[in-house]
Amino acid sequence: MDFSLTKEQKFFKDQVSRAVQRIVAPSADSIDRSDTFPRELFRELGSLGYYGIRYPAEIGGMGADCVMFTILSEELARASIGFAAIATMQCLMGTDFIHRFGTGEQKERCLFPAIRGEKIGTIAFTEPDCGSDLGGIKTRAVKNEKGYLLTGRKLWITDGDVADFVTVAATTAPEKRLGGIGFFLVEKGTPGFSVGQKIEKMSARGAATMELTFDGCQIPSDGLMGEEGKGAKYLNDILSEIRIMIAGLGLGLAKSAFVSGLRYARQREAFGRPIGTFQLIEEKIAEMEVRIRSAELLTYHAAWLKDRGSLTVKEAAMAKFYSTETACFVVDEVSRIHGAYGVAEEYPAQRYFRDGRFLLFGGGTSEILKTIIAKDTMKKCEFEIN
Ligand SMILES: Cc1cc2nc3c(=O)[nH]c(=O)nc-3n(C[C@H](O)[C@H](O)[C@H](O)COP(=O)(O)OP(=O)(O)OC[C@H]3O[C@@H](n4cnc5c(N)ncnc54)[C@H](O)[C@@H]3O)c2cc1C
């Protein structure tokens, strides 16, 4: 058993941490307050090649492993969840379909500039009436002589206001539910594609969540990413990695919040002594540390399994569930440690508290993840002695 990072991974962690602390961390508050896309920061991080972390060097990527991707997620989230939401969307979900299924021209136009941070990509499956239940989406793709005609509405789409291209889930056969879904590349400026209302939210600010409308939007045949009806399978192929990535975000947020709580507990005095010496505050500190370390083990173990080709759906689900719930636990406890200052604008505790909520939905809600974990465990539990 070896729980340490390799030399290369340690070097990477050090590099990423320095870059993120220099480029992103100083702007975390202003990104949150202004709730606007930080274009300059986005470009700067792109110029360092991080958005291509999963892609091969031949196309400008880093060809890094899942452990390194998890390190990147964690370090980004330590600085700013809003920015981390933007950057990780660019690294994986916003660009993966075009990487796997795009034509050479589509990659030249969208993927390669996205890797450099010059263009922005996102993914759209959630609809006003439908989130977890992907098979229930209503956006239709009707085949015609020119390709596909897209009609429908999407909601909660990260970076929808600034995205240059969107990978959109639509159904060609609603009666087949998941078996009818395909993903379609829609580029900005396509007639019939428009950006609607912004959802004002308290969490992951800076990464705007938007309504997108497709009103008879004509997509060429090669706009279909892969094959008709296989979209849910394609999404499933990357779902575990998405979950590990979000587990990494949870870890980063939990650690940042924990450190701020710890500092406060050392400095703040009540009844003539630092509040961190009261048993009830010590209990919070101990519990937070143990939960964060447990989340770290689950998360990096899942990433390590992924790199060895032996990751199971359950391992990734456990990592995402536990790490994000831990982050929410920690931000709550840290807020309490801050007393009234936990809700004061001048302290980051209130931002951490709000940002924790963002982690609970994408990649599967905790309820959905627990269902996956329990069903798998009911079939086979490793603790049983045969
Ligand atoms: C900040 C933010 C950014 C987002 N960005 C994007 C994006 O870029 N693209 C995109 O497509 N979507 C995006 N989403 C949407 C996100 O993917 C959905 O919120 C998520 O899929 C859950 O769907 P829902 O919110 O509609 O909840 P629902 O699916 O309606 O669930 C509501 C409640 O019911 C529970 N529930 C549902 N089904 C079950 C079940 N079978 N068993 C037990 N409980 C169940 C859920 O756990 C939850 O508690 C974003 C959301 C947020 C908050």
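Each reported figure results from applying straightforward, stated rules to the coordinates on display, with no laboratory input. Just so it is clear, the structure is predicted and the values come from calculations on it, not from any experiment. Every residue, glycine among them, receives a Cβ derived from its backbone with ideal geometry; neighbour counts consider all protein chains shown.
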Semi-axes of the equivalent ellipsoid of the chain: what are they in whole Å, largest first, if each equals the square root of 5 times a C-alpha gyration tensor eigenvalue?
36, 23, 21
Order by protection proxy (mean Cβ within 10 Å, highest first), peptides 116-125, 20-29, 2-11:
116-125, 20-29, 2-11
Just to confirm the number: angle between the C-alpha axis of helix 279-307 and the first principal axis of the chain, 0 to 90 degrees, nearest 10?
40
How big is the C-alpha Rg of region 187-306 next to the rule-of-thumb value 2.2 N^0.38 Å, as a ratio?
1.69
Which ³J(HN,Hα) values, rounded to whole Hz and listed in residue order, are derived for region 132-144 from phi using the Karplus coefficients 6.51, -1.76 and 1.60 in 6.51 cos²θ - 1.76 cosθ + 1.60 with θ = phi - 60°, glycine and proline given as x?
4, 8, 4, x, x, 5, 10, 4, 9, 10, 10, 5, 9
Quick one: angle between helix 66-79 and the longest Cα principal axis of the chain, in degrees between 0 and 90, rounded to 10, please.
60
Report P(r) for region 232-379: all Cα-Cα distances, bin width 5 Å, range 0 to the bin holding the largest distance, values in whole percent.
2, 11, 18, 19, 17, 11, 9, 7, 4, 2, 1, 0, 0
Size of the dipole of region 254-336 about the Cα centre, Lys and Arg at +1 and Asp and Glu at -1 on the beta carbon, nothing else charged, in debye to 20?
180
Compute the normalised compactness of region 121-230: alpha-carbon radius of gyration over 2.2 N^0.38 Å, N being the residue count.
1.01
For region 7-115, alpha-carbon Rg relative to the globular expectation (2.2 N^0.38 Å, N residues):
1.06
Enter the angle in degrees (range 0 to 90, nearest 10) between the Cα long axis of helix 313-337 and the first principal axis of the Cα atoms of the chain, meaning the one along which they spread out most.
50
Amide hydrogen neighbours beyond the local backbone of I53, cut-off 5 Å, H modeled:
M62
Protection proxy ranking, peptides 129-137, 95-103, 165-173, average beta carbon neighbours within 10 Å, highest first
165-173, 95-103, 129-137
For the peptides 352-359, 339-346, what is the packing order when you average, over each peptide's residues, the other Cβ atoms within 10 Å and list the highest mean first?
352-359, 339-346
Count of lysine pairs, region 121-230, Cα-Cα under 27 Å, sep. 8 or more residues or interchain, comes to 24
How large is the Kirkwood hydrodynamic radius of region 225-276, in angstrom, based on all distinct alpha carbon pairs?
14.5
